[in-house]
Amino acid sequence: MLDADFFHRWMAATAASVDREAERLTALDSPIGDADHGSNLQRGFTAVSAALEEEAPATPGAVLVLAGRRLISTVGGASGPLYGTLLRRTGKALGDAAEVSEEQLAQALREGVDAVMQLGGAAPGDKTMIDALVPAVDALGDGFGAARTAAEQGALATTPLQARKGRASYLGERSIGHQDPGATSSALLVAGLAEAAGE
Ligand code: ADP
Ligand code: MG
């Protein structure tokens, strides 16, 4: 079973990898965006870490709802509301249980990813974070390590795609040949989950 501490570790691992990879995320956002994705998420996850330290939520759901709220309030770009919705909706789906199973987390994340697709209107293949998140949720039944691999492959597979949502879509065919920054950061989020699980 997964307790609040597991979810706290997930957010901390993600904050650390976003910190390490911020320059790369911003560099990916340079040719097909406005070169702010790394700094956006760095600001957001720094605020998430501070909020979790301060409030120490006692349940898995409360950890994710607080993290989601903080991302929405601190990240100005498109990715803030989208990641915020992902974590908030996943947290709400987990309810107020003190511990949740891997199956419950997989189901809750599915609801979170559906909420992101509804909010942003993106579907798989549109060259967005959805291209890492959907394969990860699909693979979660095979474990956290499988989800991490699926997210990383999903992020890499955005390179030949033409963007159909977000800022990159303004470039039309010129968006082809670049890896999507949001799919790349989503792979970091899923890797953080595997790290929290000790995988
Ligand atoms: P902004 O585009 O406002 O500068 P960021 O640079 O922080 O925001 O985030 C860009 C990332 O957000 C993209 O790489 C993409 O993965 C994701 N994104 C943008 N629009 C959407 C959308 N409508 N649905 C899902 N993801 C999106
Ligand atoms: Mg940007």
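Compactness of the chain, taken as the C-alpha radius of gyration over 2.2 N^0.38 Å, stands at 0.93. The magnitude of the dipole of the stretch 2-196, with charges of +1 and -1 set on the Cβ of Lys/Arg and Asp/Glu and taken from the Cα centre, is near 600 debye.
Solvent-accessible area assigned to carbon and sulfur over the chain amounts to 49 percent, based on a 1.4 Å probe.
With a cut-off of 10 Å between beta carbons, the residues surrounding Ala155 carry a summed charge of -3, where Lys and Arg count +1 and Asp and Glu -1.
Rounded to the nearest 20 debye, the dipole magnitude of the stretch 73-131 is 280 debye, with +1 charges on Lys and Arg beta carbons, -1 on Asp and Glu beta carbons, and the Cα centre as origin.
Scanning the chain for DSSP H helices at least 30 Å long along the axis (C-alpha atoms) with a Kyte-Doolittle mean no lower than -0.5 picks out 4-28. Using just its DSSP H runs of length 4 or more, each adding -39500 (n - 2.57), the chain gives a mean residue ellipticity at 222 nm of -22500 deg cm²/dmol after division by all residues. Computed over protein heavy atoms with a 1.4 Å probe, the accessible surface of the chain works out to 43 Å² per residue. Residues of the stretch 161-199 with backbone nitrogen within less than 16 Å of a virtual label 7 Å along the Cα-to-Cβ line of Ala16, please, listed as ranges. Inside the label zone: 188-199.
For the stretch 44-84, list log₁₀ I(q)/I(0) at each q in 0.16, 0.19, 0.25, 0.28 Å⁻¹, using the Debye formula over Cα point scatterers of equal strength and ignoring solvent, two decimals each. Result of the Debye calculation: -0.34, -0.46, -0.74, -0.88. Label sites at Ala97 and Glu55, each approximated as a point 7 angstrom past Cα along Cα to Cβ, lie 2.2 nm apart.
The values are calculated or read from the model by the stated rules, or taken from the named source; none is laboratory data. These numbers come from a predicted model, not from an experiment. Don't worry about glycine lacking a Cβ; one is built from the backbone with ideal geometry, like all the others, and counts go over all protein chains shown. Ligands, DNA and RNA are stripped out before the accessible areas are found, and what is left, the full protein with its side chains, is counted by its heavy atoms. Shrake-Rupley method; radii C 1.70, N 1.55, O 1.52, S 1.80 Å.
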